[in-house]
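The values are calculated or read from the model by the stated rules, or taken from the named source; none is laboratory data. Keep in mind that what you see is a predicted model, and the values were worked out from it rather than measured. Cβ placement follows ideal geometry from the backbone for every residue including glycine, while neighbour counts extend to all protein chains displayed.
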Amino acid sequence: MNRKSPQQRVVMGFVLAFLGVVFLLDNFRIFDARSVLAFWPIVFIVVGALKLTQAQRPSGYIVGAGLLVAGVLLTLTHMGFIDIRWRDWWPVAMIALGLGVIFQGHLRHGQNPDADGQTRDVTQDPAVDLTVVMGGTKLRVDSQEFRGGEITAIMGGVELDLRGASMTHEATLNVLVAMGGVDIKIPNDWAVSVNGVPLMAGVEDKSVPPANPTKRLIITGYLVMGGMEIKN
């Protein structure tokens, strides 16, 4: 990741070192790494907890709590403490996705083609609130008072076009990416500060900062087995 902070290096180094120790012990038959595979739903618990810690909007708390609850229930099921027949409850996921599409649609005001010929949803709202689960979305923001917002991409992709937006001084964008990707395009007069924490993920900042930046986009959050690209 470009522009890593010391805290980010510590987190990434700890995760890599821990995984290395686990697989090394497995190779020497001291520890069976496969025995922990039954606890893979803990990933949902971790991602949900991370989302709750950075959420600033009701939708962020709903997504975080949903992931946390799903992770706990799946873990307890694998451990044998509860018995849930998931084949009876899988339609709940479709209901949640449908509601997410409905509420997310309130942010959008139409579709217009960009200069590159692609059609994206367009909004004048000063703050974005995007949640994508196993899907993809493209959004162009034309607000002249952009204040940031939240993006959650879980096994999905988000393309956020901010080239037509402007801000007074600074805007903060909280991002949570889990096994997904986020592509952000910014105006030429914006500078970018990336303060996110990558876990087996990467961020590529291809933007060229202006000589005397007066507008700055601050990107915070977590990336778990995903990626993010920023360019102008």
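Return yes when E159 is at pLDDT below 90, touching a Gly at 6+ places or on another chain (Cβ under 9 Å) and surrounded by fewer than 22 Cβ atoms within 10 Å (Cβ to Cβ) and no when it is not. Let's see the steps before the verdict.
Values: at pLDDT below 90: no; touching a Gly at 6+ places or on another chain (Cβ under 9 Å): yes; surrounded by fewer than 22 Cβ atoms within 10 Å (Cβ to Cβ): yes.
Taking the combined requirement at face value, the residue does not satisfy it.
Filter region 1-60 for residues that are more than 17 Å from the chain's Cα centre (by Cα) and among the aromatic types (F, W, Y); which is modelled with the lowest pLDDT?
Here the answer is F14.
Would you mind telling me which numbered condition in (1) surrounded by fewer than 20 Cβ atoms within 10 Å (Cβ to Cβ); (2) touching a residue at least 40 places away in the same chain (Cβ under 8 Å); (3) of a type outside the set (G, A, S) Q144 fails?
For Q144, the failing item is (2).
What are the residues in region 173-193 that are under 22 Å from G64 (Cα atoms) and in contact (Cβ under 8 Å) with a residue 60 or more places away in the chain, if any?
N174, L176, A178, listed by residue number.
Return yes or no: is V208 of a type in the set (A, V, I, L, M), over 12 Å from the mean Cα position of the chain (by Cα), farther than 25 Å from K51 by Cα and modelled with pLDDT of 85 or more?
Values: of a type in the set (A, V, I, L, M): yes; over 12 Å from the mean Cα position of the chain (by Cα): yes; farther than 25 Å from K51 by Cα: yes; modelled with pLDDT of 85 or more: yes.
It is true that V208 is of a type in the set (A, V, I, L, M), over 12 Å from the mean Cα position of the chain (by Cα), farther than 25 Å from K51 by Cα and modelled with pLDDT of 85 or more.
Would you pick out the residues in region 197-224 that are small (G, A, S) and either out of contact with any Leu (no Cβ under 6 Å at 6 or more places or on another chain) or loosely packed, with under 15 Cβ neighbours inside 10 Å (or both)? Steps first, answer last, please.
Of the residues in region 197-224, the ones small (G, A, S) are 201-202, 207, 211, 221.
Answer for region 197-224, where residues must be small (G, A, S) and either out of contact with any Leu (no Cβ under 6 Å at 6 or more places or on another chain) or loosely packed, with under 15 Cβ neighbours inside 10 Å (or both): G202, S207, A211.
If the requirement is being of a type in the set (S, T, N, Q), within 16 Å of the chain's Cα centre (by Cα) and under 19 Å from S207 (Cβ atoms), which of these qualifies: T137, T172?
Values: T137 fails: under 19 Å from S207 (Cβ atoms).
That would be T172, the only listed residue that is of a type in the set (S, T, N, Q), within 16 Å of the chain's Cα centre (by Cα) and under 19 Å from S207 (Cβ atoms).
Suppose we filter region 200-216 for residues that are in a strand (DSSP E or B) and under 11 Å from K185 (Cα atoms); how many remain?
Pass one, region 200-216, residues in a strand (DSSP E or B): 202-205, 215-216.
This time we only want the ones that are under 11 Å from K185 (Cα atoms), so: 205.
Qualifying residue count, region 200-216: 1.
Please pick out the residue among V101, V133, V72, V141 that is modelled with pLDDT of 70 or more and over 20 Å from I45 (Cβ atoms). Lay out the reasoning, then the answer.
Values: V101 fails: modelled with pLDDT of 70 or more; V133 fails: over 20 Å from I45 (Cβ atoms); V72 fails: over 20 Å from I45 (Cβ atoms).
Criteria check complete, one pass: V141.
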